[in-house]
Amino acid sequence: MQIGIIGGGIAGLSTALALQQIGIDAQVFDAAPKFEPVGAGLALAANAIKGFQRLGIADEVIAQGNCLDGFHIFDAQGQLINRTDSRAMSAKYGLDNFVIHRAALHKVLVDHLPAASLHPNKRAIGCQPKEQGVTVQFQDNTETAFDHLLVADGIHSAVRKQLLPQAETRYAGYTCWRAIIDNPGLESLYASETWGKAGRVGWTPLKGNKIYWFACVNAPENDPSMKAMRVEDLQQHFKEYHTPIPDLFRQTKPEQLLWHDLYDLAPLPQFAFENALLLGDAGHATTPNMGQGACQAVEDAVVFADELQKDFSFNLAAQRFEKRRMPRTHWITRQSRFLGEVAQSQNWVFMRVRNFGLRHLPTWVNDKQLEKVYSVDF
Ligand SMILES: Cc1cc2nc3c(=O)[nH]c(=O)nc-3n(C[C@H](O)[C@H](O)[C@H](O)COP(=O)(O)OP(=O)(O)OC[C@H]3O[C@@H](n4cnc5c(N)ncnc54)[C@H](O)[C@@H]3O)c2cc1C
């Protein structure tokens, strides 16, 4: 069975590894000139770690990151709004609130795959379903025929646009800056977010005495004034926010700053097609508010290989995958979008009620929500 995977991100590489475990050597094609990721920090929850255990790489992944004790939400003055005890969660659901540099995770995945199966510099521009199999066209004027195709080329997937032209990416309403910087002397074992009228700032300690921070500001899509923002402008924008937020911006070098508008994918009616299947962000991209996009990509890999090994029929496995994965990924997309709206609200009355509600939220309500996220269907 010849399987081609378009996209060598977390979904594509994890799936190649999961297929390798059931005796299938898939070929992975990525648009980038090298199998080297860009990006910043990734928080991975207990469900992703369970996925890595299934893929046999959990220990290696864990060795590359940091396990945090908690997740705290503050208001702009630094008053605690809500707190999750990640040690308690880890005791209940398996290692949780783990953070890693995206590049380190990517390297673990790449190192487990044969170099000959990884094809950089191959941007897919379309696909042609044939009577038997599917042919993919690449931007370099080549084409390759496969028995089956896994489409994992991210939220703006070129192949999905052809299979499902009506799929709609939706701007979240806020734009995001991120950076990984040298730790300016913070001693913290928890991840935190600060929610205020100017927007949201989060920061997390990474392994190797680094800090990953992000900042989200409500803005129109592709706003030139946001695009022009430099670190000094962010410092000014969040000048009222509590320590250590000003220090994080001050410590950031211009070349460390990444900027993106945030999007998700309106829940799709279909992941499975004749001889093709959408995986990861190509099928169910979510806003990053729940930190679940990459986690769901890992779940996809495990579930698809699990279905395929039942009878080695791609189309049946793809249909069963769709049935298993669609309700959960749709739920995460909707919840994450809602959480973003709550966190990014600039309405004073709503913010006061929200902060009061979160301060007095019974622990069991928080736990119940998290339990649903952590309960994987492996
Ligand atoms: C700001 C931000 C923060 C996030 N934080 C978290 C977090 O903390 N935890 C978490 O779990 N998730 C997080 N996510 C989500 C996570 O990054 C994604 O869900 C995850 O990377 C999806 O993996 P993927 O492989 O499906 O897609 P991608 O990572 O987008 O990979 C797609 C790959 O396809 C390649 N490609 C693109 N087009 C083509 C083409 N035409 N032909 C061939 N190759 C192509 C790209 O080069 C890339 O390598 C965050 C996302 C954002 C934007």
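The values are calculated or read from the model by the stated rules, or taken from the named source; none is laboratory data. Predicted model, so just to flag it, every value in this text is computed and none were measured. Methodologically, a virtual Cβ is constructed for each residue, glycine included, from the backbone with ideal geometry; neighbour enumeration extends over all protein chains shown.
So here's what we get for this one:
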{"quantity": "The listed residue being closer than 30 Å to Tyr190 by Cα and of a type in the set (A, V, I, L, M), out of Ala31, Ala48", "calculated": "Ala48"}
{"quantity": "Residues within the range 41-99 that are in contact with a Phe, Trp or Tyr (Cβ under 9 Å, 6 or more places away or on another chain), of a type in the set (A, V, I, L, M, F, W, C) and away from the ligand (no atom under 13 Å from the Cβ), tallied", "calculated": "9"}
{"quantity": "Residue check, Leu150 modelled with pLDDT of 95 or more, out of contact with any Phe, Trp or Tyr (no Cβ under 8 Å at 6 or more places or on another chain) and within 12 Å of the ligand (Cβ to nearest atom)", "calculated": "no"}
{"quantity": "Residue, nearest to the chain's Cα centre (by Cα), within the range 344-364, restricted to residues that are assigned to a loop (DSSP other than H, G, I, E, B) and under 19 Å from Ala198 (Cβ atoms)", "calculated": "Ser345"}
{"quantity": "Among (1) over 20 Å from the mean Cα position of the chain (by Cα); (2) surrounded by fewer than 21 Cβ atoms within 10 Å (Cβ to Cβ); (3) more than 14 Å from the ligand (Cβ to nearest atom); (4) not basic (Lys, Arg) - the single one Pro33 does not satisfy", "calculated": "(3)"}
{"quantity": "Near pairs, Cβ below 6 angstrom, 6+ apart or cross-chain, from the range 96-124 (among the small types (Gly, Ala, Ser)) to any residue that is at pLDDT below 95 and within 11 Å of the ligand (Cβ to nearest atom)", "calculated": "Ala103/Pro37"}
{"quantity": "Tally of residues being aromatic (Phe, Trp, Tyr) and over 19 Å from the mean Cα position of the chain (by Cα) across the range 146-184", "calculated": "1"}
{"quantity": "Listing of helices (runs of 4 or more DSSP H) fully contained in the range 197-299 that carry 3 or more residues being over 29 Å from Phe350 (Cα atoms) and near the ligand (Cβ under 10 Å from one of its atoms)", "calculated": "281-284"}
